[in-house]
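Colleague: Encoded as structure tokens, here's the structure I'll be asking about.
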Amino acid sequence: MTRCLLIGVFIFAFFEPWCCSQNANNDQRLSDIISKKGQAEVSIAYPGKKAFDHLTRNISVSRIVNNEVHIILSALTADWFITEGFDYKIIERIEGKGLVGAGSVIEAMEWESYPTWNQYDSIMQYFASNYAELCRLDTIGTSINGRLIFALKISDNVTADEDEPCVFYSSTIHGDETGGFVLMLRLADYLLNNYGIDGRTKNLVDNLQIWINPLANPDGTYTDGDTITSPTRANADGYDLNRNFPDPLTPNTVKQKETVDMMKFLKKHRFVSSANFHSGAEVVNYPWDRWERYHADNDWFYDISREYVDTVHEHSVAGYMTDLDNGVTNGYEWYPIYGGRQDYVTYEVQGREVTIELDDDYITPANELASLWEYNRSSLLGYFENALYGIHGRVEDSRSGKPVAAKIFIEDHDKDNSHIYSDTLTGSFIRLVEPGIWNLTFTAGGYHDTIIHNITVNARQRTDLQIQMVSIFNPVDTTNPPKPLLYPNPATFLIKAVLPESLRGSINIKIYDSSGMKISDYNTEAFTGIPVTLDIRSFPAGAYTVVFLKRSTGMSMRCRFIIARRF
């Protein structure tokens, strides 16, 4: 594009004027800001779809406002950006604006200031010790600089791994988007304080396993040590952690320690639903971020996002959370990103995650933290409640009643990994889906497919199913008998032979009639758990002897069977 094309077109109060990237002084200034503050924010005019796609695959786009692209650069990405030759404008922000620190843990827990790192640690320890029957403190991992990445589990039987929906809230994966950090702490405090008082809270804590991670990028938030003064979007190595997850379109991304730890945590718990809290806009963003096509459950995603925002509007001042479609957007339709956690959770872990942008300001001023809570409190509880609806069930073996790990999908509906799986230990599953009438297909190794038709799903209600899958094997098929076991015996058309382990592999089978004449001789394979089938349809009724010989060892065993008279 023509360099310096936009000089004089846009005028922004308190911003530096547009200048060409060829201007060495401007490039040097950009480098100086990054050296001093750890990052710099710049803006460019939207360069078109193809150029933007190239841009967002390589650097961290933070938002698009009025056709202007805002970019956060770190030492890791600045050289690439300068080399690309974009016309850019440096955006200066007031240092530490709104970052009022708490003087003590007690003051921090009034939720109208930002805690120090030590105060944050103490608050999390306080929750776990003062509400031990409801709250357990865990860690997702550690940051590059060794800070713990905390997560609270809140549930009525918190020490047990109950067969309940697991839900997850996580905030501040971008270290300079701070409002969600305090919001999550206050939410945990609210759930614990109100468990015995408020019926809605008690219902959530009794019927869900709630996990809250207030701060996913501690090195970015606490860049200067114990106090939040100049937080950065990226982690300590300059990586945007919300562009760092596995993505089929950017497979060579270097995975950071925080990302690897978070991936392990997400795979371990397999959350039914989750939300990732950000700032820089005021909107609920749902999948996909990387694909122009819609998720199979796009209607469901839109409806839960719409409900979150509509509830916010009932409790907020006019104009709050009204970006894009009155506070809701499909990710790609806003702007595409690659390597985001939202798409990773939804595609790779079969979860359902949205991104909730809480504030146009990256750093929510301390004096606005109370309002942020009042605006979002009811919506935060309501989003949790989504996990209580939809189709809930258990998949089990029809004979033994033991749980079955099954793939569960909706024919002609599911795509892009939108199917789910039943739990390997319990057989439980939860399929969140738009109200309507659905047909679910269950598949599992060693079982006949099971299709359940006409399942009715109503809004804000739970539909329960008990699924019994029929094994393709007779229970005797998986035994290890000391000698060949034939069934049925007598038989009419087919006989199954379960062989001892010593005869499995490549075998020869010979069948003799009652006079000793050999009437069948062939080679086949015998596998563990799968009986060998003898086709006896062409043989007349009578008594027979079968000899099984393992070809590699010469070991053989024989047994008799009867062919019943056929009518």
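Every read-out reported here was derived from the displayed coordinates using simple, explicitly stated rules and does not represent laboratory data. Source: prediction; values computed, not measured. Cβ coordinates were reconstructed from backbone atoms using ideal geometry, including for glycine residues, and neighbour counts include every protein chain displayed.
Colleague: Which whole-Hz ³J(HN,Hα) couplings does segment 477-486 yield from phi under the Karplus relation 6.51 cos²θ - 1.76 cosθ + 1.60, θ = phi - 60°, glycine and proline marked x?
Modeller: Values per residue, Gly and Pro as x: 4, 9, 7, 10, x, x, 9, x, 10, 10 Hz.
Colleague: Sticking with the crude label model, points 7 Å out along Cα→Cβ, report the distance from D53 to M557 in nm, one decimal please.
Modeller: For D53 paired with M557, the spin-label model returns 6.2 nm.
Colleague: Given a Förster distance of 45 angstrom, what is the FRET efficiency for N193 paired with D412, based on the Cβ-Cβ distance and rounded to 0.05?
Modeller: On the way: r = 47 Å, r/R0 = 1.05.
Step by step, r from the Cβ atoms, then E = 0.45.
Colleague: Working from Cα positions, state the angle (0 to 90°, nearest 10) between the long axis of helix 298-315 and the longest principal axis of the chain.
Modeller: Helix 298-315 sits roughly 40 degrees off the main axis of the chain.
Colleague: Also: For a Förster distance of 35 Å, can you work out the FRET efficiency between the beta-carbons of E110 and V317, rounded to the nearest 0.05?
Modeller: Numbers: r = 22 Å, r/R0 = 0.62.
Result of the calculation: an efficiency of 0.95.
Colleague: When the helix-only estimate is applied to the chain (DSSP H runs of n ≥ 4, each -39,500 (n - 2.57), divided by the residue count), what is the mean residue ellipticity at 222 nm, nearest 500 deg cm²/dmol? The partial results should precede the final answer.
Modeller: Details: 14 runs with 140 residues, N = 567.
Calculated from helices alone, the mean residue ellipticity at 222 nm is -7000 deg cm²/dmol.
Colleague: Shifting gears a bit: Where does each of I410, I94 land when they are ranked from fewest to most other beta-carbon atoms within 10 angstrom? Write out the running numbers ahead of the final one.
Modeller: Numbers: I410 20, I94 8.
So the residues, fewest neighbours to most, are I94, I410.
Colleague: A further question follows. With the contact rule set at Cα under 8 Å and sequence spacing of 6 or more, what percent relative contact order holds for segment 105-388?
Modeller: Numbers: 589 pairs, mean separation 64.0, N = 284.
Result for segment 105-388 is 23 percent.
Colleague: In addition: Going by Cα centres, segment 307-340 and segment 170-221 are how many Å apart?
Modeller: With segment 307-340 and segment 170-221 each reduced to a Cα centre, they are spaced 20 Å.
Colleague: If contacts are Cα pairs under 8 angstrom and at least 6 residues apart, what is the relative contact order of the chain in percent?
Modeller: After rounding, I find 10 percent.
Colleague: Could you give the angle, 0 to 90 degrees to the nearest 10, between helix 117-130's Cα long axis and the longest principal axis of the Cα atoms of the chain?
Modeller: Relative to the chain, helix 117-130 is tipped by roughly 50 degrees.
Colleague: Right, here's the next one. Compute the signed sum of charges (Lys and Arg +1, Asp and Glu -1) over the other residues within less than 10 Å, Cβ to Cβ, of E385. Can you show the working numbers first?
Modeller: On the way: positive: R200, R460; negative: E307.
Computed value for this residue: +1.
Colleague: Another one. Cα centroid distance between segment 398-433 and segment 234-291, in Å?
Modeller: 25 Å
Colleague: Of the peptides 266-275, 177-186, how do they stack up when ordered by the mean number of other Cβ atoms within 10 Å, highest first? Spell out each step's value before the answer.
Modeller: Details: 266-275: 20.0, 177-186: 26.1.
Top of the packing list down: 177-186, 266-275.
Colleague: Ordered by packing density, taken as the mean number of other Cβ atoms within 10 Å over each peptide's residues, highest first, how do 519-528, 189-198 rank?
Modeller: On the way: 519-528: 12.3, 189-198: 16.0.
The most tightly packed comes first, giving 189-198, 519-528.
Colleague: Jot down the radius of gyration and Dmax of segment 135-203, Cα atoms only, both in angstrom.
Modeller: Rg then Dmax for segment 135-203, in Å: 13.8, 42.
Colleague: Still on this model: Taking neighbour counts of Cβ atoms within 10 Å as a proxy for exposure, in what order, fewest first, do S122, S74 appear?
Modeller: Numbers: S122 16, S74 21.
Ascending number of Cβ neighbours within 10 Å: S122, S74.
Colleague: Next question. Which residues in segment 530-567 have a backbone N closer than 14 Å to a point placed 7 Å from the Cα of F473 along the Cα-to-Cβ line?
Modeller: Counting backbone N atoms under 14 Å from the label point, the list is 530-533.
Colleague: Measuring from label point to label point, each 7 Å out along Cα→Cβ, what is the K483 to Y522 span in nm?
Modeller: Computed distance between label sites K483 and Y522 equals 2.6 nm.
Colleague: Now for a separate question. Consider the candidate values (1) 130, 62, 40; (2) 116, 84, 54; (3) 106, 60, 44; state which one is Cα extents along the principal axes in Å computed from the structure displayed.
Modeller: Computing Cα extents along the principal axes in Å and matching it to (1) 130, 62, 40; (2) 116, 84, 54; (3) 106, 60, 44 gives (3).
Colleague: Using 0.36 nm times the number of residues separating I530 and E84, minus their current alpha carbon distance, what extension gain do you get?
Modeller: 154.4 nm
Colleague: A further question follows. For T229 and E333, calculate 0.36 nm times their separation in residues minus their Cα-Cα distance, and state this gained length in nm to one decimal.
Modeller: Details: separation 104, 0.36 × 104 = 37.44 nm, distance 3.41 nm.
The span from T229 to E333 would gain 34.0 nm if fully extended.
Colleague: Express the Stokes-Einstein translational diffusion coefficient of segment 475-563 in µm² s⁻¹, to the nearest whole number, given a Kirkwood radius over alpha-carbon pairs, 37 °C and a viscosity of 0.692 mPa s. Before the final figure, lay out each step's value.
Modeller: Numbers: Rh = 13.0 Å.
After rounding, the answer is 252 µm²/s.
Colleague: Right, next: Provide the packing ranking of 96-106, 386-396, i.e. peptides ordered by the mean count of other C-beta atoms within 10 Å per residue, highest first.
Modeller: Numbers: 96-106: 14.8, 386-396: 21.0.
Highest mean packing first, the order is 386-396, 96-106.
Colleague: Separate question: Based on DSSP, what percent of beta bridges with both residues in the chain are antiparallel, to the nearest 5? Could you put the intermediate results ahead of the total?
Modeller: Numbers: 79 of 107 bridges.
Around 75 percent antiparallel, to the nearest 5.
Colleague: Taking Cα atoms, how many degrees apart are the long axis of helix 257-269 and the longest axis of the chain, rounded to 10 and kept between 0 and 90?
Modeller: Once rounded, the angle reads 50 degrees.
Colleague: Roughly what would the spin-label model give for K37 and S129, points 7 Å off Cα along C-beta, in nm?
Modeller: So the label points at K37 and S129 sit 3.9 nm apart.
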